[in-house]
Amino acid sequence: MNDSPADSRTRLLDAALKVIRTRGYSATRIDDICAEAALSKGSFFHHFASKEALAVEAARHWSAVTDAFFAAAPYHQSADPLERVLGYIDFRRSILSGLVPEFTCLVGTMVQETYDSSPAIRDACEASISGHAATVARDIELARAKYAPNAPWTAESLALHTQAVLQGAFILAKARGNARVAEESVDHLKRYVELLFHPTNPKEH
């Protein structure tokens, strides 16, 4: 049975996530994506006008896939907002496994290459990163109100800082070819966040 048009589109987007994370945006060809999806160029151009158009939709697809992934993560089960924030960081560390392309970020990869050459891709990547940060910021704001109501920083700024650390950690992992340096960066991030709320272990409070 042939795939429906919607199935073919999803296969192309899933293929883009894999190939671009492995090769980078610039080195990825439409032929590579079609080969990974086991679909023809005709199918590609039925859904996407260009590689750039695919990349914009791939950023949105990445957001949908990862939003569902993080929404199902166990750290949401805690009743305490700070424990959820720290649990989020622990969860990010726990998924630093497998080959480097398997745990690094599609939109972080693409925006580094295209921030000046393709405003459309840049904006799609920014929306993805900021959208994810906004979900983290909700728990940070609740934790701030409970544990650090007079803090001079905002929940949004701290949420974006978590993403800055993670994206930087991915770059270091790519440079070194393994996850160890990224794990250490995330460990430092957790210590930093703990210190923002309490000078000691938050579990003691």
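The values are calculated or read from the model by the stated rules, or taken from the named source; none is laboratory data. None of the values given here were measured: they were computed from a predicted structure. As a convention, Cβ positions derive from the backbone with ideal geometry for all residues, glycine included, and neighbour counts pool all protein chains shown. Each accessible area value is taken on the protein alone, full model and side chains, heavy atoms only, with ligands, DNA and RNA left out. Shrake-Rupley method; radii C 1.70, N 1.55, O 1.52, S 1.80 Å.
Ligands, DNA and RNA excluded, the heavy atoms of Ser50 present near 40 Å² of accessible surface to a 1.4 Å solvent probe.
Find the percent of Cα-Cα distances in the stretch 1-62 that exceed 19 Å, and round it to a whole number. Within the stretch 1-62, distances greater than 19 Å cover 16 percent of Cα pairs. Take the alpha-carbon centre of the stretch 107-134, take the same for the stretch 16-80, and report the distance between them in whole Å. When both Cα centres are located, 13 Å separates them. Pair-distance distribution of the stretch 69-121: all C-alpha pairs, bin width 5 Å, starting at 0; shares per bin in whole percent are 4, 17, 18, 15, 15, 14, 11, 5, 1. Within the chain, helices built from complete DSSP H runs that reach 24 Å or longer along their own axis (Cα positions) and carry a mean Kyte-Doolittle hydropathy of 0.5 or higher are 155-176. Kirkwood's formula applied to the C-alpha pairs of the chain gives a hydrodynamic radius of 18.3 angstrom. Averaging the sequence gap over all C-alpha pairs within less than 8 Å and six or more residues apart, then dividing by the number of residues, gives the stretch 51-197 a relative contact order of 28 percent.
Accessible surface computed residue by residue for the stretch 155-197, with neighbouring protein chains in place and a 1.4 Å probe, gives 49 Å² per residue.
Carbon and sulfur: what percent of the stretch 51-197's accessible surface (1.4 Å probe)? Exposed carbon and sulfur together represent 57 percent of the surface. Modelled this way, with points 7 Å down the Cα-to-C-beta line, the labels at Ala145 and Ser117 are 4.5 nm from one another. Heavy atoms of the protein chains alone define the surface here; on that basis the stretch 22-120 has 48 Å² accessible area per residue at 1.4 Å probe size.
A Förster distance of 25 Å, applied to the separation of the beta-carbon atoms of Arg180 and Ala68, puts the FRET efficiency at 0.30.
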